[in-house]
Amino acid sequence: MILNNYYSKLKISILTIISLSFISISSFSQIFDSEQSPLSVKWKQIKANGFTIIYPTEFENEAQRTANTINKIYPSVGQSLGSKKTSIPIVLQNRGSIANGFVQLAPKKSQFYTTPPQQFDSQDWLNNLAVHELRHVAQFDKIIGNKAHPFPEEIYFAYLGAAIPTWFFEGDAVSIETSLTNAGRGRQPSWIMPFRTSLLSGKNFSYSKSYFGSNKDVTAGYYQLGYLMVSKLREEFGRNISDSLLTDINKRPLRLYPFSQSLKKYTGKNTKTYYEHTAMQLKNEWQKQAGQTESENYLSLNRSAKYASNYFLPTEIEEGKILALKQTKGEAPGFVLVNADKSEERLFKIAYQEQPWFSYNNGILIWDEIRYDPRYKQRSYSVICSYNFATKAKTQITFKTRLFSPSISGDGKKIAAVQIDLSNKSNLVIINPKDGKITQTIPNPGNLILQTPALNIDGSKISYISVSEKGKALWLVENEKLTKLVPETNQQLSRPIFFNDKIAFNAHTSGVDNIYEVDVVNKKISALTASKFGAFNPSLALDGKSILFNNYGLMGYDIAKTIINPKTIQENNFVYFGAAAERQENTGNVFNDIPSKDYTSKSYRPLAHLFNFHSISPTVDDDDRVGLQLKSNDLLNTMDFFTGVSYHSNLRKFEYNAGFTYKSLYPILSAVFRNRPRMGFYRSGSNINEASWRENFIDLKAILPLSINAYNHNYGFLGEIGTSYTQRNFAPKEALLFSKTLKFPMSYKISFSHSVRMAERDVAPKWAQSISFSYFNQPFDKRLTGDLMAFESTFYFPGIAKNHSLTASFNYQESSGSLGFNNEISTVYGYGQIKAKSLLRNTLLLNYRFPIAFPDAEIGSLAYIRNFRGGFFSHYENIGNETNLTEPKTFGLELRSNVNLLRYQPVIDLGARLVFVNKIYNQNPILEFTFNYSF
């Protein structure tokens, strides 16, 4: 409640518009977070030429390397935008298990999530973060300058998100990441594979659909779209086109669609027409590539999908049964068995993974899942789980671990996994599948990044992928001897498996991702598949003569099978769209010759840096108040502070306020002070008189939010206690009629929740429960009597069809004394427009919601319509008194739609609701409109 008071609706709308513009380079997209690391983390800092690197103490070596790296490469990264020097704090977060990064304003900082992913680029992870994120810093500086300004960051941040589409920010950064290194995602066929597949399959998606995505089809994604469009811009209009566009936007900021107008100034085309121009050229280039590369058609072993569906890592577990990890837009991720007739048996759902992964052998299925710390969400773990097909038992076999890509041996007696410690050191470990204990650690003296290990049948051999600045390599470990089977290369090597006397793996040697084998004796490499769009994730079939694999198609990753028949490797016909940008940058690999200077590091004390003022921002709220707030947020997300002034337009007077939220401790502590005008009415004889006064109001709260996850289940707990103190300053006349002080009324709240993981097309959870208890009383003010007890509950159930949802909410309150007229429970639709007949005591709210259509319709530049959803409702109030189960107080229907308005990134939920009112209230039908947003 405190946070809602001082984070105004304007700030929320600003962040909605711009947040996604600065998500960084992982496929796991997120807005910049406000979570904390545990209080036990001890921090240090390095200051170097405008950069302040803040990091946990155990990350010293990697922090020193990062300091050397960013100082060496920034002039090259920012050169084509005219930026040679900058200033920004960089926070290195090492407690999480998910790789990511971002740059933000309000406050200005960059955050690197340092744990390397298990499937990414062919270069060092921190190097990749550095080159990509520093380009975002240069973009920011080009628009707003790199000199200090008097608290404008939130305004600048809003403008950046409103003026420039996300695809340009990310596309320009990926272009630089590719041009300045030997790696980069622009060199990966699998990364642009969805766009290539849709164009070569005759699907000419609209600009909005390619940009914003779809609830039914696989679309390019704004990273890929941006890279390809920026690459074409660089090819056609030269090295300085990004600089010219941002400079023009900076000079002429106050325009509708400023980026599109600037783009048209330099290219003659707006964003939509330039997208269509780029898509046509891409299609021509990819058609030429397809004509030069031989491919085979593979029969899909799974049923045809109506919307995007992936059957990852197909593995034959018995004749006619294939195990796969299924992910679709209509279902939460989980394991399925695909039968020979293409029918499916659902096994169970799972939690979020760092990447889709499992391993099966000898009746045992193992996989990894992310587990979050109950309170400090900057800390997460990657644990190993197992499922026994004989006993049907699921077991989590490791706890609070950082173990990735587990692989079980053919006899089911060993598990190999990658372990990454808090200093970012990777090791291969052998684990006992019965108790989860590590029985062996295989040395990694070069501290290479390790990925996707595999064990042979008896567990005597291990194959894995290594990553360094030299590229990716494929290794074999046998009798403690390391053999490099495939030397360092910029190929996207991944997921090796043993079969017969060879090792199969993924690579893109021909310019299209396919499956290859390497002979462990003579190291000869041969091709096993020739997919048109991409083949991945091989496993040996039970016959020993065939492999199952993922064949990529228009709707995603299908299951396919082919006889093992080694082929000659085809010529690499990959279409490299970043060639022009690479020639223009002409830097070579910027990570060559990184110095090894020893920077001075010192302790970073969070308490000494709690105040970090960055913005003076306008505010608007529901009480007809407008104002300005000076805002502060520290770099570690431990304290938020504001102070400001608001104008009450209805009272024509000013309010002065200040507040903070301290989030470093286990409970979150918050306080707000307001010196505010108030108005009330009182009866004097037969007259109604108006009283106005000023009051000092202090609100205090302690909140304990806890949540845990396991498999596909999420559990939450919230405990809250609050109080306030009010001192009123009345004129002498009113002072005799009103209480001068309100002394510490108390509020208490406890809530519990449980939900299962939702699918993208779900309109509401299929199965979830939420229960909360609230209590309000006034124990410290004897002049005021009364209390209020409230109970609220919501239960979600599956509907009659997929993605439908039935919600039942029962709520009850009992109040007395001075709190007798307060309402603390959910009310019926239309409540505010219906004259009450009695005090509110209980409500029963029944809602049924369902999807209607997913049109993906582009209405020019005005709107992109993603879906239509419908619903029916029947709401009851004061059951047993005003209504009964056959006569609801209100009932009706609603129609809603998710749209992107004016080609901005946030998804807007627009809706209309027709509310019919029970006849005893003599009320005409009510038409209500809804407006919400999501990221």
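When the strands (runs of 3 or more DSSP E) confined to region 821-935 are screened for residues that are of a type in the set (F, W, Y), those reaching at least 2 such residues are found at 842-853, 863-877, 926-934. If you go through region 348-372 and keep only what is of a type in the set (F, W, Y) and within 16 Å of G459 (Cβ to Cβ), you end up with just Y360. The sole residue among V590, V626 that is hydrophobic (A, V, I, L, M, F, W, C) and either assigned to a strand (DSSP E or B) or in contact with a strand residue (DSSP E or B) (Cβ under 6 Å, 6 or more places away or on another chain) (or both) is V626.
Apart from one condition, F51 fits all of (1) under 20 Å from S175 (Cβ atoms); (2) surrounded by fewer than 23 Cβ atoms within 10 Å (Cβ to Cβ); the exception is (1). Of everything in region 854-879 that is touching a residue at least 60 places away in the same chain (Cβ under 8 Å) and farther than 27 Å from T827 by Cα, the residue that is surrounded by the fewest Cβ atoms within 10 Å (Cβ to Cβ) is S861.
Every residue, every condition in (1) buried (at least 16 other Cβ atoms within 10 Å of the Cβ); (2) touching a helix residue (DSSP H, G or I) at 6+ places or on another chain (Cβ under 9 Å), yes or no:
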site	(1), (2)
D624	no, no
N637	yes, no
D640	yes, yes
T643	yes, no
S649	no, no
K653	no, no
R676	yes, no
N687	no, no
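Annotation note: of L233, L180, L246, the sole residue that is within 30 Å of A308 (Cβ to Cβ), in contact with a helix residue (DSSP H, G or I) (Cβ under 7 Å, 6 or more places away or on another chain) and either of a type in the set (D, E) or not assigned by TED's automatic domain parsing to the domain that holds S468 (or both) is L233.
Evaluated against (1) surrounded by fewer than 21 Cβ atoms within 10 Å (Cβ to Cβ); (2) in contact (Cβ under 8 Å) with a residue 12 or more places away in the chain; (3) over 18 Å from the mean Cα position of the chain (by Cα); (4) outside any loop (DSSP other than H, G, I, E, B), Y381 falls short on exactly one condition, (3). Filtering region 43-77 to residues that are small (G, A, S) and within 27 Å of the chain's Cα centre (by Cα) leaves only A63. Looking at region 536-557, which of the residues that are under 27 Å from the mean Cα position of the chain (by Cα) and aliphatic (A, V, I, L, M) is surrounded by the most Cβ atoms within 10 Å (Cβ to Cβ)? Checking each candidate, the answer is M555.
Against the list (1) part of a loop (DSSP other than H, G, I, E, B); (2) on the phi > 0 side of the Ramachandran plot; (3) crowded, with 20+ Cβ neighbours inside 10 Å, the condition V512 fails is (2).
Of all residues in region 429-456, those satisfying the criterion of being touching a strand residue (DSSP E or B) at 6+ places or on another chain (Cβ under 7 Å), outside any strand (DSSP E or B) and closer than 22 Å to V520 by Cα are N444, L448, N456.
Applying the set (1) surrounded by fewer than 21 Cβ atoms within 10 Å (Cβ to Cβ); (2) modelled with pLDDT of 95 or more; (3) assigned to a loop (DSSP other than H, G, I, E, B) to A351 leaves exactly one unmet item: (1). I'd like the residue in region 384-428 that is among the charged types (D, E, K, R) and either modelled with pLDDT under 95 or not in a strand (DSSP E or B) (or both) and, out of all such residues, is farthest from Q353 (Cα to Cα). Among them, the one singled out is D411.
State all residues of region 184-209 that are in a loop (DSSP other than H, G, I, E, B) and either basic (K, R) or surrounded by fewer than 20 Cβ atoms within 10 Å (Cβ to Cβ) (or both); if no residue qualifies, say none.
Going residue by residue through region 184-209, those that are in a loop (DSSP other than H, G, I, E, B) are 184, 188, 201-206.
Within region 184-209, S201, G202, K203, N204, S206 qualify.
The number of residues in region 800-820 being surrounded by fewer than 18 Cβ atoms within 10 Å (Cβ to Cβ), in a loop (DSSP other than H, G, I, E, B) and within 34 Å of the chain's Cα centre (by Cα) comes to 3.
Out of R676, R694, R683, which single residue is modelled with pLDDT under 90, in a strand (DSSP E or B) and of a type in the set (K, R)? Steps first, answer last, please.
Numbers: R676 fails: modelled with pLDDT under 90; R694 fails: modelled with pLDDT under 90.
R683 is the lone residue from the list that is modelled with pLDDT under 90, in a strand (DSSP E or B) and of a type in the set (K, R).
Of the numbered conditions (1) in contact with a strand residue (DSSP E or B) (Cβ under 9 Å, 6 or more places away or on another chain); (2) more than 24 Å from G226 (Cα to Cα); (3) surrounded by 16 or more Cβ atoms within 10 Å (Cβ to Cβ), L299 satisfies every one except a single condition; which is it? L299 satisfies all of (1) in contact with a strand residue (DSSP E or B) (Cβ under 9 Å, 6 or more places away or on another chain); (2) more than 24 Å from G226 (Cα to Cα); (3) surrounded by 16 or more Cβ atoms within 10 Å (Cβ to Cβ) except (3). Pairing each residue of region 462-479 that is on the phi > 0 side of the Ramachandran plot with any residue that is assigned to a strand (DSSP E or B) and surrounded by fewer than 20 Cβ atoms within 10 Å (Cβ to Cβ), provided the two are 6+ apart or on different chains, yields C-beta distances under 6 Å for G471/E488; G471/T489.
Scanning region 558-595 for residues that are among the hydroxyl-bearing types (S, T, Y) and more than 35 Å from the chain's Cα centre (by Cα), we see that the one that is surrounded by the fewest Cβ atoms within 10 Å (Cβ to Cβ) is T568.
As a summary of the residue check, N506 satisfies the conditions (1) among the polar types (S, T, N, Q); (2) touching a strand residue (DSSP E or B) at 6+ places or on another chain (Cβ under 9 Å); (3) not in a strand (DSSP E or B) except for the one numbered (3).
Here T643 passes the criteria (1) assigned to a strand (DSSP E or B); (2) touching a residue at least 24 places away in the same chain (Cβ under 8 Å) except the one numbered (2).
The values are calculated or read from the model by the stated rules, or taken from the named source; none is laboratory data. Owing to the predicted nature of the structure, the values given are computational and were not obtained by experimental measurement. As a convention, Cβ positions derive from the backbone with ideal geometry for all residues, glycine included, and neighbour counts pool all protein chains shown.
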